[in-house]
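**Q** Once you've had a glance at the structure underneath, I'll fire off some questions.
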Amino acid sequence: MAQIDAFFKMMHELGASDLHLSAGSQPIIRLRGDMQRIKFKVLQNDELKQMLYEICPEIKIKQFEESGDIDFSYEVPDIARYRANFFMQRKGVSAVFREIPQKILTIEDLGLPGILKNLAMLPKGLVLVTGPTGSGKSTTLAAIIDYVNKVRKDHILTIEDPIEFVHEPINCLINQREVGRDTRGFQAALRGALREDPDVIMVGEMRDLETIQLALEAAETGHLVFGTLHTISASKTIDRIIEVFPGDLQGQIRSGLADSLRAVVAQTLFKRIDVPGRVAALEILVATPAVRNLIRENKNFQINTVIETGKKFGMQALDDAIMKLVDGKIIDPYEAYINAVNKAKFRDLLAEPPSDITEM
């Protein structure tokens, strides 16, 4: 048993989502969204490095010492898997560990809209799950892939950095590839994927031009592609994909995206006030003919209006999802106000609305 495993055991028992270890600081956990110090001594650089290197693969240690940061996954048997990130800072080495539950929560467990099951049954196209870091994108995507695994009889190929949720085959063949261990990168894995007979491809992160381009090509050639982006809304997601490309290619990409996009699910995570835990509010854009035309004509600014009027297609505005959680007394009205798009809709819910300089 590695020395650091004691921290993971404590973290798991408390229900913390993240563990932060930094040279020159006490250990800190993130518990239901809040950072809390652990009653432990201040960690010195040399002892922390020794503790971290004990669980780090040799190839990753070399990479870390050359580049100053790495990602990898680590598993504590009978407890959980962890997504690890090591990085250098002013006082020395630091690390952040995100706990990945062993049990994959279903769409029902997470209280997600039923339309996500419809997206899982699509024969082809591009479905994007977006949100800021720590918003639960991986958990939502894992629930969708789990549903595919249960109800379809297909080949699922995932490309992740690192592998987070482990999917055991149920009705599908599942191959999970980890960047840096099983493949050089997202681009190499996506190029190879087209020769590996997948029906469903999951791209852990569409972080650069070539990865986005290859994901679009895979969706256009008859595969169902799920991917993630660090964007906060459906319209911003479409903007981000197009703006990654040089100006002379944007018209072509806009047309290709309009043809291949099936949906964007943008989520924001909230602390619950009814029970311990967190809950996601989802904005959902379905690529109807009207949405496709807006993308082709570079009128993305009108997409929010289409979402507001597209409830019969399963679309959902973020503010509507947040209001539903407030009405159900699941989240705090103040948190709702802070994260809302149209804050005016939520001001009357607060006894003392704060002064928001962004509204001046």
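**Q** Starting from residues that are surrounded by fewer than 18 Cβ atoms within 10 Å (Cβ to Cβ) and not small (G, A, S), keep the ones in the range 105-118 and report whichever is nearest to Y82 (Cα to Cα). Lay out the reasoning, then the answer.
**A** At the first step, the residues of the range 105-118 found to be surrounded by fewer than 18 Cβ atoms within 10 Å (Cβ to Cβ) are 105-106, 108-111, 113-114, 117-118.
Retained after the next criterion (residues that are not small (G, A, S)): 105-106, 108-110, 113, 117-118.
On the way: L105: 16, T106: 20, E108: 24, D109: 21, L110: 20, P113: 27, K117: 27, N118: 30 Å.
Ranking the candidates gives L105 first.
**Q** Same structure, new question: I need a count of the residues in the range 163-201 that are crowded, with 18+ Cβ neighbours inside 10 Å and among the basic types (K, R).
**A** Matching residues across the range 163-201 total 1.
**Q** Just checking, does the range 1-21 include any residue being assigned to a strand (DSSP E or B), loosely packed, with under 15 Cβ neighbours inside 10 Å and either modelled with pLDDT under 95 or not polar (S, T, N, Q) (or both)? Quick ask: steps written out before the conclusion?
**A** Of all residues in the range 1-21, those assigned to a strand (DSSP E or B) come to 18-21.
Keeping just the survivors that are loosely packed, with under 15 Cβ neighbours inside 10 Å gives none.
So far as the range 1-21 goes, no, none of its residues is assigned to a strand (DSSP E or B), loosely packed, with under 15 Cβ neighbours inside 10 Å and either modelled with pLDDT under 95 or not polar (S, T, N, Q) (or both).
**Q** Quick check on this structure: which one of R207, R191, R240, R184 is of a type outside the set (S, T, N, Q), farther than 30 Å from N298 by Cβ and assigned by TED's automatic domain parsing to the domain that holds T158?
**A** Values: R207 fails: farther than 30 Å from N298 by Cβ; R191 fails: farther than 30 Å from N298 by Cβ; R240 fails: farther than 30 Å from N298 by Cβ.
Going through R207, R191, R240, R184 in turn, just one is of a type outside the set (S, T, N, Q), farther than 30 Å from N298 by Cβ and assigned by TED's automatic domain parsing to the domain that holds T158: R184.
**Q** Conditions: (1) crowded, with 17+ Cβ neighbours inside 10 Å; (2) touching a helix residue (DSSP H, G or I) at 6+ places or on another chain (Cβ under 7 Å); (3) under 20 Å from L119 (Cα atoms). T237 meets all but one. Number of the miss?
**A** Against the list (1) crowded, with 17+ Cβ neighbours inside 10 Å; (2) touching a helix residue (DSSP H, G or I) at 6+ places or on another chain (Cβ under 7 Å); (3) under 20 Å from L119 (Cα atoms), T237 comes up short only on (2).
**Q** Here are the criteria: (1) under 24 Å from the mean Cα position of the chain (by Cα); (2) part of a loop (DSSP other than H, G, I, E, B). Tell me which single one Q26 does not satisfy.
**A** In the conditions (1) under 24 Å from the mean Cα position of the chain (by Cα); (2) part of a loop (DSSP other than H, G, I, E, B), Q26 misses (1) alone.
**Q** Please identify the pairs in which a residue from the range 301-312 that is under 10 Å from T288 (Cβ atoms) has its Cβ atom under 7 Å from the Cβ atom of a residue that is assigned to a helix (DSSP H, G or I) and of a type outside the set (K, R), counting only partners at least 6 apart or on another chain.
**A** So the pair list comes out as V306/A290; V306/V291; V306/L294.
**Q** Among the numbered criteria (1) in a loop (DSSP other than H, G, I, E, B); (2) at pLDDT 95 or above, which one does I307 miss?
**A** Of everything listed in (1) in a loop (DSSP other than H, G, I, E, B); (2) at pLDDT 95 or above, I307 misses just condition (1).
**Q** Checking A258 against (1) over 18 Å from the mean Cα position of the chain (by Cα); (2) more than 19 Å from T231 (Cβ to Cβ), only one condition comes out false. Which one?
**A** Result: A258 passes all but (2).
**Q** For the range 6-17, enumerate the residues that are of a type outside the set (G, A, S) and over 17 Å from M51 (Cβ atoms).
**A** To start, the set of residues in the range 6-17 that are of a type outside the set (G, A, S) comprises 7-14.
Matches in the range 6-17: H12, E13, L14.
So that you can scan it fast, the table gives a plain yes or no per residue for (1) of a type in the set (K, R); (2) in a strand (DSSP E or B); (3) more than 24 Å from H167 (Cα to Cα); (4) over 16 Å from the mean Cα position of the chain (by Cα):
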site	(1), (2), (3), (4)
M202	no, yes, no, no
R207	yes, no, no, no
A219	no, no, no, yes
G222	no, no, no, yes
K236	yes, no, yes, no
I242	no, no, yes, yes
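**Q** Give me the pairs, please: first residue somewhere in the range 209-230 and under 18 Å from K117 (Cα atoms), second residue anywhere and part of a loop (DSSP other than H, G, I, E, B) and at pLDDT 95 or above, beta-carbon distance under 8 Å, and either six or more positions apart or on two chains.
**A** Hits for this filter: H223/K124; H223/P198; H223/D199; L224/L122; L224/P123; L224/K124; L224/D199.
**Q** Can you find a residue that is among the polar types (S, T, N, Q), at negative phi and part of a loop (DSSP other than H, G, I, E, B) anywhere in the range 57-65? It would help to see each step written out before you state the result.
**A** Pass one, the range 57-65, residues among the polar types (S, T, N, Q): 63.
Adding the requirement that they be at negative phi leaves 63.
Filter again for part of a loop (DSSP other than H, G, I, E, B), leaving none.
Taking every residue of the range 57-65 in turn, none turns out to be among the polar types (S, T, N, Q), at negative phi and part of a loop (DSSP other than H, G, I, E, B).
**Q** Output the residues belonging to the range 153-178 that are in contact (Cβ under 8 Å) with a residue 40 or more places away in the chain and outside any loop (DSSP other than H, G, I, E, B). Talk me through it step by step, then tell me what you get.
**A** We begin by selecting, within the range 153-178, every residue in contact (Cβ under 8 Å) with a residue 40 or more places away in the chain; these are 154-167, 178.
Across the range 153-178, the qualifying residues are H155, I156, L157, T158, I159, E160, E178.
**Q** Then there's this: Can you tell me which of K60, K103 is closer than 30 Å to A317 by Cα and modelled with pLDDT under 95?
**A** K103
**Q** Here is a list: K124, K150. Which entry is without any contact (Cβ under 8 Å) to a residue 24 or more places away in the chain and of a type outside the set (G, A, S)?
**A** On the way: K124 fails: without any contact (Cβ under 8 Å) to a residue 24 or more places away in the chain.
Exactly one residue qualifies, and that residue is K150.
The values are calculated or read from the model by the stated rules, or taken from the named source; none is laboratory data. Predicted model only: the values in this text are computed from it and were never measured. All Cβ positions, glycine included, derive from the backbone under ideal geometry; neighbour counts span all protein chains shown.
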